[in-house]
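In what follows, a structure is listed as structure tokens, so that the remarks can point back to it.
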Amino acid sequence: MEDFHREGEALYCEGVPLGEIAAAVGTPTYVYSHAALERAYMDLVDAFAGLDFMVCFAVKANSNLAVLRSLAAMGAGADIVSGGELYRAVRAGFDPKKIVFAGVGKTESEIVAGLGERILLFNVESASELECIERLASIHGKKARVALRVNPGVETGTHEHISTGHENSKFGVPVEEALQLAERIESYRCVELIGVHQHIGSQISKLAPHVEAIEKSAELVKELKGRGHDIRYFNIGGGLGVPYRGDETLPSPLEFVDAIRPTLKETQAKIICEMGRYIAARAGVLLTKVVYRKRTGEKSYVVSDAGMNDLLRPSLYGAYHEVVPVNGSTGSVAGADLVGPVCESGDFLARERDLPDAGEGEVLAVLDSGAYGFTMASNYNSRPRPAEVMVRGGRWAVVREREHYADLVKGEIVPAFL
Ligand SMILES: *Cc1c(COP(=O)(O)O)cnc(C)c1O
């Protein structure tokens, strides 16, 4: 993590000591590095050089407006999965011509909103959705551009919760059905088929599943073109993994693109990639303070003020995040758990690990938390969600205030009959 580094004993984000941010804003707090976002985005842009392409940021990975604005300003597009993400993407300044909308359950109002903003395309995931889009586009006098999300039927070897391209997945349609839907679109007046889409999962650590899936989907592009459909976009999805463990090496964007370059070229389509984790994961850390230390039997616990409601990934997927001290070098404590204050045994940020032997009051950084961190945070246990901070060079700013108790009950009503 070059954008997070040590100067002497202190951990910095770019030019700013993280201890300074923790002291000023409190904890838990997510801190994002603008330089790291740009580095990851440019890695992708450089990798696709020589192809006609567009890099869309998967908004669900990190939907803070400041993060989105940064990426929009770099020229990125947006991959959205809900009306709320459309709202954010438009507010953040993404060009609607660079917005693509996926998701198996788009509601009528979400589709109408997408049509209203004239987004580039809908990634259609079923026959019923296609019919719905045709009907709504017709009512509203719009033309809807769509890509068919095909399910190439490959296993990714990742956690089942983040694998989306296997045969019985709820996502997309099988190749055969995609061909039938393309036929059906011929008879639709307000839907224009312009692309093929696939996305097989997240945190994929090997190239083979990507290559296999993209080759299968590219065949569909060629087949549809052969049948006279004007397929101009081939959306290869996201899913490139990042090394959460220090000793992991994962395929780089360049290795990824080089492995599929001839296949992509052959389609003669504009390539869309939708990366979330690759762009945002390493651009963020979660700062948390040690509240207590305790031992039960043989087990050593570090109790932090951040819990599963702030960073769900370890509890949800058994995900691994490196944990380091923000100030000074501590020794380490073996086989320890970093746990939060939430009343669940599954509330942990790190388990059975050599953790920093940090004293009560010391601040720790949970690394690589920029993707699927804050966006998965909840108010469980009536805990206000953390603050978010953006660093750029020597400057920093709060980009989302820490929630207040009043936010916890916002919109709640005690009716008169009680
Ligand atoms: C979540 C998602 C992505 C991004 O996945 P990452 O693993 O974060 O790159 C891309 N496309 C679609 C359709 C998604 O649902």
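No value in this document is a laboratory result; all are computed from the given coordinates. Keep in mind the model is a prediction, meaning the values are calculated, not measured. As a convention, Cβ positions derive from the backbone with ideal geometry for all residues, glycine included, and neighbour counts pool all protein chains shown.
Looking at the range 103-273 only, what percent of DSSP beta bridges run antiparallel? Nearest 5 please. Close to 5 percent. Just checking the listed ones, Glu388, Glu344, Glu38: in the Gaussian network model of the chain with Cα springs under 10 Å, the one fluctuating most is Glu344. Computed 3J(HN,Hα) for the range 366-381, one whole-Hz value per residue from the Karplus formula 6.51 cos²θ - 1.76 cosθ + 1.60 where θ = phi - 60°, is 8, 7, 6, 9, x, 10, 6, x, 4, 5, 9, 6, 9, 9, 3, 6, glycine and proline marked x.
Quick one: putting +1 on the C-beta of Lys and Arg, -1 on the C-beta of Asp and Glu, what dipole do you get for the chain around its Cα centre, in Debye to the nearest 20? Before the final figure, lay out the partial values.
On the way: 45 positive and 57 negative charges, 205 e Å.
Using Cβ point charges on Lys, Arg, Asp and Glu, the chain gives about 980 debye.
Within a 10 angstrom radius of the beta carbon, how do Met376, Met390 rank from fewest other beta carbons to most? Let's see the in-between values first.
On the way: Met376 17, Met390 24.
Least crowded to most crowded, the residues run Met376, Met390.
A simple rule links phi to the HN-Hα coupling: the Karplus curve 6.51 cos²θ - 1.76 cosθ + 1.60 with θ = phi - 60°, which for the range 236-241 gives 8, x, x, x, 4, x Hz, with x for Gly and Pro.
If you take the beta carbon distance between Tyr292 and Glu401 as r and set R0 to 22 Å, what does 1/(1 + (r/R0)^6) give as a FRET efficiency, to the nearest 0.05? Working shown, then result.
On the way: r = 27 Å, r/R0 = 1.21.
It comes out at approximately 0.25.
Rounded to the nearest angstrom and ordered from largest down, what semi-axes does the equivalent ellipsoid of the range 236-346 get from its C-alpha gyration tensor (root of 5λ)? Don't skip to the answer; put the middle values down first.
Details: eigenvalues 301, 44, 29 Å².
Taking √(5λ) for each Cα gyration eigenvalue gives 39, 15, 12 Å.
Legend: distances between Cα atoms for Lys142/Lys225; Lys60/Lys206; Lys143/Lys265; Lys170/Lys294; Lys98/Lys289; Lys106/Lys289; pairs beyond 32 Å are Lys170/Lys294; Lys98/Lys289; Lys106/Lys289. Globularity index of the range 103-273 is 1.06 (Cα radius of gyration / 2.2 N^0.38 Å, N = number of residues).
Computing Rg and the Kirkwood Rh from the Cα coordinates of the range 295-418 gives a ratio, Rg/Rh, of 1.03. Extension gain, Arg189 to Arg91: 0.36 nm times the residue separation minus the Cα-Cα distance gives 32.2 nm.
Using the Cβ-Cβ distance between Glu7 and Ser329 with R0 set to 22 Å, the FRET efficiency from 1/(1 + (r/R0)^6) comes to roughly 0.95.
Order these peptides, 296-303, 282-289, 378-385, 404-411, by their mean beta-carbon neighbour count within 10 angstrom, highest first. All intermediate terms of the calculation are to be shown ahead of the outcome.
Values: 296-303: 13.2, 282-289: 27.6, 378-385: 15.0, 404-411: 9.2.
Per-residue mean Cβ counts within 10 Å order the peptides as 282-289, 378-385, 296-303, 404-411.
Using all alpha carbons of the chain, what is the percent of pairwise distances in each 10 Å bin, ordered from the shortest bin to the longest? All Cα pairs considered, the percentages come to 5, 22, 29, 24, 14, 6, 1, 0.
For His197, the amide hydrogen comes within under 5 Å of the amide hydrogens of Leu148, Arg149, Val150, Asn235, counting only partners 5 or more places away or on other chains and with H modelled in the peptide plane.
Report the antiparallel proportion of the DSSP beta bridges in the chain as a percent, rounded to a multiple of 5. Within the chain, antiparallel bridges account for around 50 percent of the total. Note on the range 54-99: percent of Cα-Cα distances in each 5 Å bin, starting at 0 and stopping at the bin with the largest distance, equals 5, 29, 43, 20, 3. Between Glu108 and Glu176, the modelled labels are 3.3 nm apart [label points 7 Å from Cα along Cα→Cβ]. Across the range 38-53, rounded Karplus estimates of 3J(HN,Hα) from the backbone phi angles (6.51 cos²θ - 1.76 cosθ + 1.60, θ = phi - 60°) give 5, 4, 5, 4, 5, 4, 5, 4, 5, 5, 8, 3, x, 10, 7, 8 Hz, Gly and Pro being marked x.
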